[in-house]
Amino acid sequence: AVAEQIGGQIFIEPWGLVNPCDYRRAARFAEKMASVTHGGNGVYGGMFIAACVSAAFGLGDVKEVIRAGLSVIPADCEYRRMADCVLAFHAAHPENWRDCFAYVKENFGYERYPGACHIIPNAAVVLLSLLYGNGSFSDAVNISVMCGWDTDCNAANVGCIMGVLAGLEGIDSAWREQIDDL
């Protein structure tokens, strides 16, 4: 149960940041790092997030970034199954993130996975936030927090991916003024 908690995903963004536009390399580094403490989906989540951060440097669309991230993990793992379901739900119902979150709770909620903070429910929040944020840094981060669950980790994953994708000009100054733009 511990091997597939969210830890493999929450500290992994630097591998995407130091490997811009080389998402396969970012995923390889993330796999090595995450496998120190995690296994299975816990590692795949780290690979996915690092690859998304890296891909965001060169791709202009969040769905392309997600596809790049998914390309580095096994097609037959639970992480990929969940991601495919969230993508399909969004394609059929693109208008309301709350409906998608209800779907996620019903099909990928905490009670379906062992441990206190499993990666799958939280990865679903990351994905739905990226999709329903419609390219907006602020909207994507806010959605990830409003979903609840592991709000700090999910918002950090979403914020890093969207921050790279949107660039400084796409991040409202209200996010930066509080920290004196550091």
Matching residues, the stretch 107-154, being within 25 Å of Leu17 (Cβ to Cβ) and open to solvent by 40 Å² or more (accessible area, probe 1.4 Å): Asn134, Gly135, Asp139, Asn142, Val145, Trp149, Thr151, Asp152
Any helices (runs of 4 or more DSSP H) falling wholly within the stretch 1-82 and containing at least 3 residues that are out of contact with any helix residue (DSSP H, G or I) (no Cβ under 8 Å at 6 or more places or on another chain) and either surrounded by 24 or more Cβ atoms within 10 Å (Cβ to Cβ) or of a type in the set (Gly, Ala, Ser) (or both): none
Scanning for something more than 19 Å from Phe48 (Cα to Cα), surrounded by 20 or more Cβ atoms within 10 Å (Cβ to Cβ) and either at pLDDT 95 or above or among the aliphatic types (A, V, I, L, M) (or both), does the stretch 91-100 turn up at least one residue? yes
Condition (residue is modelled with pLDDT of 95 or more, open to solvent by 30 Å² or more (accessible area, probe 1.4 Å) and touching a Cys at 6+ places or on another chain (Cβ under 6 Å)) applied to the stretch 155-178: is it met by at least one residue? no
Scan the stretch 76-135 for residues that are farther than 22 Å from Leu165 by Cα, touching a residue at least 60 places away in the same chain (Cβ under 8 Å) and out of contact with any Gly (no Cβ under 7 Å at 6 or more places or on another chain) and jot them down. Tyr113, Pro114, Gly115, Ala116, Cys117, His118, Ile120
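Kindly state which helices (runs of 4 or more DSSP H) lie completely within the stretch 85-182 and contain at least 1 residues that are over 21 Å from Val2 (Cα atoms) and within 12 Å of the chain's Cα centre (by Cα). Break it down stepwise before answering.
Numbers: elements: 97-108, 119-132, 137-146, 151-166, 173-177.
Result: 119-132, 137-146, 151-166.
The values are calculated or read from the model by the stated rules, or taken from the named source; none is laboratory data. What you see is a predicted model, and the numbers here were worked out from it, not measured in a lab. FYI the Cβ positions are ideal-geometry reconstructions off the backbone, even for glycines, and counts take in every protein chain you see. Surface accessibility is based on the protein's heavy atoms, side chains included, excluding ligands, DNA and RNA. Shrake-Rupley method; radii C 1.70, N 1.55, O 1.52, S 1.80 Å.
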